[in-house]
Amino acid sequence: MDDDAARQKLFYFLGPPPHPREPTESDHYTMVDQTKFLCRMYENEFPKVDDLVMVNVRQIADMGAYVKLLEYNDREGMILLSELSRRRIRSVQKLIRVGRNEVVVVLRVDEEKALPPHPTSRSGYIDLSKRRVSPEEVAKCEEKYNKSKAVHSILRHVAEKHDMELVKLYETIGWPLYRKYRHAYDAFKVAIT
């Protein structure tokens, strides 16, 4: 089947492609200024040793799994193969999958090496363990992450509406509420009751 015949079949099933249009000013705004809406959820730049964190698995390699720390502005970390399970590992794919969120504990943070060269970089040396996390800790971390995600969503919406940097909003509102109420979610809950 040649290209024209394939194109005609697509048009028959899907209809003609949308007409290309010139980018508008709002398109430019959404492409350029997204970095001002990036921010970690907590006051600390890095997690502390023994902190429970939620990660998303990016890639599985020979040494272990590369992950991004969802609560720390997608900073990169690694789970070594020896830290995936207490039992002998027969299939890494059964223990951990790319794209899946996992609860892990922080083993080591090298802050000097973990500092990114520029704000959009996510490189770092944060060693993590999945095997040292109990089922109770998983539930506790998931609850904390869901609360933090709700707060982050509210603050990001406010930042977008008022064209503010998200980190400034966290500095003035979010993190002081974390200090006073142990979690900003609890402060918001008190405010609406």
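Kindly give Rg over Rh for the range 73-114, based on alpha-carbon atoms, with the Kirkwood expression for the hydrodynamic radius. Mind showing how you got there, number by number?
Values: Rg = 12.2 Å, Rh = 12.3 Å.
Expressed as Rg/Rh, it is 0.99.
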Checklist entry - Hey, got the dipole for the range 37-192? About the Cα centre, +1 on K and R Cβ, -1 on D and E Cβ, debye to the nearest 20? => result 700 debye
Checklist entry - Which log10 I(q)/I(0) values, to two decimals, does the range 37-192 give at q = 0.08, 0.12, 0.16 Å⁻¹ under the Debye formula with one point per Cα? => result -0.25, -0.54, -0.92
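Only the coordinates and a few stated rules stand behind these numbers; no lab work does. None of these values were measured; they are calculated from a predicted model. Because the Cβ atoms are built from the backbone with ideal geometry, glycine has one as well, and the counts that use them run over all protein chains shown.
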